[in-house]
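Visitor: Dropping a structure here in structure tokens format, bear with me for questions.
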Amino acid sequence: MGVRLPCVCGRLDRRMVASAGTTHRRRTEDAMAFVEFGGAGGIPSAHAPQTTRRVEPQRRARRNAAEWSAATRGLTLRRRRANAVAAPIRASADEPVAPGSASARMSAISEQDLFLNQAVPGDVMVRTIAQNGMVTVKAVRATGLVAGSCSLFQTSPVASAALGRALVCALLLSCGKKSNETLNLEFRCTGPIRSIVAVSNGQGEVRGYVGNPHVVLPPNKDGKLDVGKAVGEGILACVRNHPFWKNPYTGLVPIESGEVAEDVAKYLLDSEQTPSVLGAGVYVNKEGVVSAAGGFLVELLPEADEQTIALLERNVAELGMSPTELIRSGKSPADIVEMLMRDLNPLQLAESTPRYKCSCSTDRVKRTVALIHEDELKSILEEQGKVEATCEFCGRRYNLTEVEAWESFNAARANE
Ligand SMILES: [Zn+2]
């Protein structure tokens, strides 16, 4: 399942030649992305050109469709009249409660209140850097976090694997970043899962959801959960942002395997010019319960020398197991980092606690309402006398009265 990704970085050309043909491959139930620190040389045309771009500031963006989409992401406003849909407001309301629908989720939420916003014992994330500053390694065990989020959405096994892998990848990519720096990973895909979203920050907080939590597919040819088919084709969009940055940093890469970690590693290489080894896995047992989840990320820094790369390649090759196999065999994230950093003189580990945290609030719903077109808001209020919104990330439901809705709407207009 390993994938060989050519390095686009010119400074690694020499190594490409030196190590041409060495590819790390694994058979695993996990999405394992093995990015070679070298490749068959050159950049195959099969790889799409780099699509990183800076998002330009937009004036009067309130009514801009993209802004609207971003601002309302994760919040579904509910309409009574089926099919009266003005995107992104989705119809539903008084439909029968289907498993996984917002109403069904609410019953799960009440059972999950203890899970939301709190760390699950046993979940831990560690990171370190080699003494020579050439390699960073991060590892996470997030079994409780992933199991809790899958229980929240009552996901099918393949959806659990997809969501869990995305949550693990988001945690690893945010690990060690500034506390307020956020990462938004979004698979916009054509497969039956429709989308995967994971949002994380430098404090080890993450949240996410999938478009269709109940997708069921036969196993792939290796007998594993077929996440690649659930995802299908499309675009992986990664947005890094920080309150003090002028603009967010956005990277777009085409989805190639759909196995999540492989595509995220490709994003790191193509958009952030960081060669990496990224493994993210979720083990779903026969009862459909997540019993192991976690991963690791090895990143090669620009000044890495031949010796460091050779040691790293050896350590990765000797790891011998997927992330979930390592976790299930009792290896802690610290053990995994130690294996990956053998002979590389790692500095002392920094440890943090990952947790599932949703930032939804009444204020956020009010800000969203302020973005609705006036006619649309009138129509919603005429139909149902209030505004109902459901958070896609945690299932919390919010209600605004007609007075509150208009207050929010008018206050936003007054500030323009
Ligand atoms: Zn929420």
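Each value in this text was obtained by applying a stated rule to the coordinates, not by laboratory testing. Note that this is a predicted model, so its numbers are computed, not measured. With ideal geometry, Cβ positions are generated from the backbone for all residues, glycine too; neighbour counts draw on all protein chains shown.
Visitor: Specify whether the C-alpha gyration tensor of the stretch 252-329 places it in the rounded, prolate or oblate class, a ≥ b ≥ c being the square roots of the eigenvalues: rounded for a/c under 1.5, otherwise prolate if a/b is larger than b/c and oblate if not.
Guide: Since a/c reaches 1.5 but b/c is at least a/b, the shape of the stretch 252-329 is classed as oblate.
Visitor: What net charge do the residues around V126 carry, taking every other residue with its C-beta under 11 Å from that of V126, with Lys and Arg at +1 and Asp and Glu at -1?
Guide: Result for the neighbourhood of V126: 0.
Visitor: Still on this model: Using the Cβ atoms and a cut-off under 10 Å, what net charge is assigned to the surroundings of G202, where Lys and Arg are +1 and Asp and Glu are -1?
Guide: Taking every Cβ under 10 Å from that of G202, the sum is 0.
Visitor: Moving on. How much length is gained if the chain between R314 and D335 is pulled fully straight, taking 0.36 nm per residue apart and subtracting their Cα-Cα distance, in nm to one decimal?
Guide: Contour length minus Cα-Cα distance gives 5.9 nm.
Visitor: So which GluC sites (Glu not before Pro) in the stretch 285-336 end up in coil per DSSP with only 12 or fewer other C-beta atoms within 10 Å?
Guide: Answer by residue number: E287, E303.
Visitor: Please give the contour-minus-distance gain from Q118 to E303: 0.36 nm per residue of separation, less the Cα-Cα distance, rounded to one decimal in nm.
Guide: 62.8 nm
Visitor: Further, regarding this structure: Taking Rh as the Kirkwood radius computed over C-alpha pairs, what is the Stokes-Einstein D of the stretch 109-238 at 4 °C in a medium of viscosity 1.567 mPa s, expressed in µm² per second?
Guide: 83
Visitor: Also: So how far apart, in nm, are the two label points at N399 and D222 if each is 7 Å from Cα heading toward Cβ?
Guide: Reported label-point gap for N399 and D222 is 4.9 nm.
Visitor: In the stretch 161-213, which trypsin sites (Lys or Arg not before Pro) fall in coil by DSSP and have 14 or fewer other Cβ atoms within 10 Å?
Guide: In loop regions of the stretch 161-213 (DSSP not H, G, I, E or B), the sparsely surrounded trypsin sites (Lys or Arg not before Pro) are K178.
Visitor: If you don't mind, another one. Report the label-to-label distance for Q131 and K386 in nanometres (one decimal), using points 7 Å from each Cα along the Cα→Cβ vector.
Guide: Going from the Q131 label point to the K386 one covers 6.4 nm.
Visitor: If the viscosity is 0.890 mPa s and the temperature 25 °C, what translational diffusion coefficient in µm²/s does Stokes-Einstein give for the stretch 112-356 when Rh comes from Kirkwood over Cα pairs?
Guide: This corresponds to a translational diffusion coefficient of 137 µm²/s.
Visitor: I've got another one for you. What is the list of residues in the stretch 120-157 whose amide nitrogen lies under 17 Å from a point 7 angstrom out from the Cα of V289, following Cα to Cβ?
Guide: Correct set: 120-123, 142-157.
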